[in-house]
Amino acid sequence: MRKIYFVLLFASGMLFTSCDPAQNLNFTNNGKSSVKVKLTIDPKTKYERLSKIQQGDSIVFNLKPLETEENEDGIYFGIGVWNDQQIKDVAESIKRIEIENNDNKIIFKSQKSITKLLLNNQEGFLWKTAVNIKMNDDLLN
């Protein structure tokens, strides 16, 4: 009987132990040519992380082609899972997203289009821990 209590106690401890995942906004280039991702940041952003890494009014990622180690980059937003409101808050801090390669350029200018892009690219098994925007040669997922 003692072993059963021990096993139940151990199992419940493992079940309720917090595993705090990282909140990330990731960009991955799955294409054959380099991709430039430029986020124009609202100067009134409440996200310190965005303010720290921006150069001027924007954050730029130069992503190499798929077969390299430099085909992805992103922004770390802390610990926890994403909920829709947090993603909307991040989207409000981004005034514009430009994704460009040698042949194509896509621009997300409105809050509605930026929010939709971020919400549609959430990933995670039980909880949404990352927003992963993946691009191929025509810049679409």
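The values are calculated or read from the model by the stated rules, or taken from the named source; none is laboratory data. Since we're looking at a predicted model, the values are computed, not measured. Backbone-built Cβ (ideal geometry, glycine too); neighbour counts: all protein chains shown.
Take the conditions (1) touching an Asp or Glu at 6+ places or on another chain (Cβ under 8 Å); (2) farther than 21 Å from residue 22 by Cα; (3) loosely packed, with under 15 Cβ neighbours inside 10 Å; (4) in contact (Cβ under 8 Å) with a residue 24 or more places away in the chain; residue 43 misses just one of them, which is (4). Check region 99-110 and report whether any residue there is in contact with a Phe, Trp or Tyr (Cβ under 6 Å, 6 or more places away or on another chain) and surrounded by 16 or more Cβ atoms within 10 Å (Cβ to Cβ). No: region 99-110 contains no residue that is in contact with a Phe, Trp or Tyr (Cβ under 6 Å, 6 or more places away or on another chain) and surrounded by 16 or more Cβ atoms within 10 Å (Cβ to Cβ).
Number of residues in region 68-101 that are of a type outside the set (Val, Ile, Thr), under 23 Å from residue 29 (Cβ atoms), out of contact with any Asp or Glu (no Cβ under 9 Å at 6 or more places or on another chain) and touching a residue at least 24 places away in the same chain (Cβ under 8 Å) equals 11. On the stretch given as region 98-138, residues that are of a type in the set (A, V, I, L, M, F, W, C) and either assigned to a helix (DSSP H, G or I) or over 23 Å from residue 82 (Cβ atoms) (or both) total 5. Closer than 19 Å to residue 109 by Cα, in a loop (DSSP other than H, G, I, E, B) and of a type outside the set (S, T, N, Q) - does that describe any residue in region 71-89? Among the residues of region 71-89, not one is closer than 19 Å to residue 109 by Cα, in a loop (DSSP other than H, G, I, E, B) and of a type outside the set (S, T, N, Q), which makes the answer no. A search for C-beta distances below 6 Å between a residue of region 126-139 that is among the acidic types (Asp, Glu) and any residue that is assigned to a loop (DSSP other than H, G, I, E, B) and surrounded by 17 or more Cβ atoms within 10 Å (Cβ to Cβ), counting only pairs 6+ apart in sequence or on different chains, returns 137/31.
For residue 32, state whether it is surrounded by fewer than 16 Cβ atoms within 10 Å (Cβ to Cβ), part of a helix (DSSP H, G or I) and either at pLDDT 90 or above or not polar (S, T, N, Q) (or both). No; evaluated as a whole, the condition is false for this residue.
The set of residues from region 94-117 being among the hydroxyl-bearing types (Ser, Thr, Tyr) and more than 16 Å from the chain's Cα centre (by Cα) comprises just one member, 110.
Filtering region 67-98 to residues that are among the aliphatic types (A, V, I, L, M) and buried (at least 17 other Cβ atoms within 10 Å of the Cβ) leaves 75, 87, 90, 91, 94, 97.
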